[in-house]
Amino acid sequence: IYDPNSEVKSDFLDLHLIKNCSFYIGTTSGPMDVAELFNKNILTANIYPDTFNYLHQKTCSGITKHLMLDNSKIKISDIFKYYEYYFNHPWDSEDRDNFVFVDNTDEEILQLVHDYLDRINSNYFKLSDLQIEFNNRLIGCIKSMKVTNSTSYYNLLYARLNLNFSGSISNSFLQNNW
């Protein structure tokens, strides 16, 4: 395990470690993009539901931040309503203040790793019916959205350009939050 906040750090060491790791675990940040360039298996925690730059390979998996609306957790099966809202309301809309993102718990991240290791050890990467349903609903939602402001237009364009993903949100995470 490498702590990038330690006193021993360099850009070269970061690249070396990512290039030679068995798999990469992190968030949707710059280092994750480097891991993708090196074609690494990627586990992504704390994915914002409105970012679509993840899970490109069948060996990639992730878990989303929890979305709260007026202090109530939105189930993943209802998150597509959020996507519709997100892409059709301006950023300065007062209603957006009612949405809050909550980070994954340590237990959820640990479960993501366990699920991944089980899949690697069994060499089984077929998506579950629930994962397929999630991916299909996500793709359908992205394809059907219309955009009313420039920030959302950029995000939707990026999402539409990246519809060829074969990974998914972790099956156990979907089961626990559907």
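A few comments on the model shown:
- Karplus-derived HN-Hα couplings along region 128-137 (A = 6.51, B = -1.76, C = 1.60, θ = phi - 60°), whole Hz, x at Gly and Pro: 6, 4, 5, 5, 5, 4, 4, 4, 5, 5
- With DNA, RNA and ligands ignored, accessible area of Val102 (1.4 Å probe; Å², nearest 10): 60
- With DNA, RNA and ligands ignored, accessible area of Ser22 (1.4 Å probe; Å², nearest 10): 100
- With 30 Å as the limit, the listed pairs Lys65/Lys143; Lys9/Lys126; Lys19/Lys126; Lys75/Lys143; Lys40/Lys126 have Lys9/Lys126 beyond it between alpha carbons.
The values are calculated or read from the model by the stated rules, or taken from the named source; none is laboratory data. This structure is a prediction, so every number in the text was calculated from the model and none was measured. In case anyone asks, the SASA skips ligands and DNA or RNA and just uses the protein heavy atoms, side chains included. Shrake-Rupley method; radii C 1.70, N 1.55, O 1.52, S 1.80 Å.
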